[in-house]
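Notes for the one structure printed next.
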Ligand SMILES: Nc1ncnc2c1ncn2[C@@H]1O[C@H](COP(=O)(O)OP(=O)(O)OP(=O)(O)O)[C@@H](O)[C@H]1O
Ligand SMILES: [Mg+2]
């Protein structure tokens, strides 16, 4: 099994400038974060609001530049690749955000929304585009009749399936999921999580799965990393960590769901 993603001492600080008399403030959003995600593995990142989970996601996607440390994708150091050189990895790593009304362009039909990543990354020939859209819809459990609808004509769960279809359209190997079900109704949450589990096996995907919900992480992830104040305070196989938590913060998280 190969290593898909590896970080080494990844750190990020933000500098906040106050008003004229306020002191400059430094926020350590990520401190020396090291982990790896193997092929077909899902690593869960859990921690309270502000603990640095999304910061890690943004660093890995190279949406923001690390202050220190190293990121390797597929064995290649991408820490300081220029945007142009980074382009070849763009299709291999996708992100699924929490569903909100503004994630999908409200003017585009499902058909157009799914063709967009296929075109940008030249995944299939023009002549195969229609068939590929049909295949993607089926793969994420949507009926062919949804194809001509706009996001506003679909439910939250259906829209989240479209977002997932766009992520897998590029044949991504690693999908960063940042609170992918938090905005959904509990009954719908389970369906979306099960879809993600099925796709992981069918497509041999790896996930970096971010959630503040331990139940969700337990259901989804082989391994778990617990974050607090920008640091990973505990990491291991999910069941090992949950059955034998070492850090006080992890114990509190577990108590909260019992
Ligand atoms: N662009 C930014 N500029 C300044 N500070 C930031 C920026 N982005 C994040 N932060 C700060 O970094 C810290 C970590 O934020 P981050 O968004 O990574 O937390 P999180 O664990 O994803 O929280 P949540 O569960 O609420 O999404 C917070 O203190 C946040 O205020
Ligand atoms: Mg976040």
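Every read-out reported here was derived from the displayed coordinates using simple, explicitly stated rules and does not represent laboratory data. What you see is a predicted model; the values in this text were computed from it and never measured. Glycine gets a Cβ as well: all are built from the backbone with ideal geometry, and neighbour counts include every protein chain shown.
Among beta bridges from DSSP that stay inside the chain, the antiparallel ones total about 55%.
Full extension of the chain segment joining residue 92 with residue 16 gains 24.1 nm, where the gain is 0.36 nm per residue of separation less the Cα-Cα distance. Over the chain, DSSP H runs of length four or greater, each weighted -39,500 (n - 2.57), average out per residue to a 222 nm ellipticity of -10500 deg cm²/dmol.
Shape class of the range 31-88 from the alpha-carbon gyration tensor: oblate, with a/c at 1.5 or above and b/c at least as large as a/b.
How much length, in nm to one decimal, is gained on full extension between residue 239 and residue 49, taken as 0.36 nm per residue of separation minus their Cα-Cα distance?
Here the segment from residue 239 to residue 49 would lengthen by 66.1 nm.
Model label sites at residue 204 and residue 74, defined 7 Å from Cα along the beta-carbon direction, differ in position by 1.3 nm. The angle separating the long axis of helix 248-257 from the principal Cα axis of greatest extent in the chain is about 40 degrees.
Label-to-label distance, residue 107 versus residue 9, with points set 7 angstrom from Cα along the beta-carbon direction: 4.9 nm.
Just rank 126, 9, 92, fewest to most, by other beta-carbon atoms within 10 angstrom. Walk me through the intermediate numbers first.
Values: 126 10, 9 13, 92 16.
Going from sparsest to densest Cβ surroundings: 126, 9, 92.
Legend: ranking of residues 88, 70 from fewest to most surrounding C-beta atoms inside 10 Å; resulting order 88, 70. Under the rule a/c < 1.5 gives rounded, and otherwise a/b versus b/c splits prolate from oblate, where does the range 104-213 land using the Cα gyration tensor? Cα axes put the range 104-213 in the oblate bin.
Each part gets one Cα centre, and for the range 7-77 versus the range 90-150 those centres are 29 Å apart. If a/c stays under 1.5 just call it rounded; otherwise compare a/b with b/c (prolate if a/b is bigger, oblate if not). Do that for the range 35-124, with a ≥ b ≥ c from the square roots of the Cα gyration tensor eigenvalues. Cα axes put the range 35-124 in the oblate bin.
Residue separation times 0.36 nm, minus the C-alpha to C-alpha distance between residue 132 and residue 155: what's the value? Gain in length upon complete extension: 6.0 nm.
Centre-to-centre, using Cα atoms only, the range 155-175 and the range 189-258 are separated by 21 Å. FRET efficiency for the pair residue 256 and residue 191, taken as 1/(1 + (r/R0)^6) with r the Cβ-Cβ distance and R0 = 35 Å, rounds to 0.90. Going from the fewest other Cβ atoms within 10 Å to the most, the residues 105, 222 appear in the order 105, 222.
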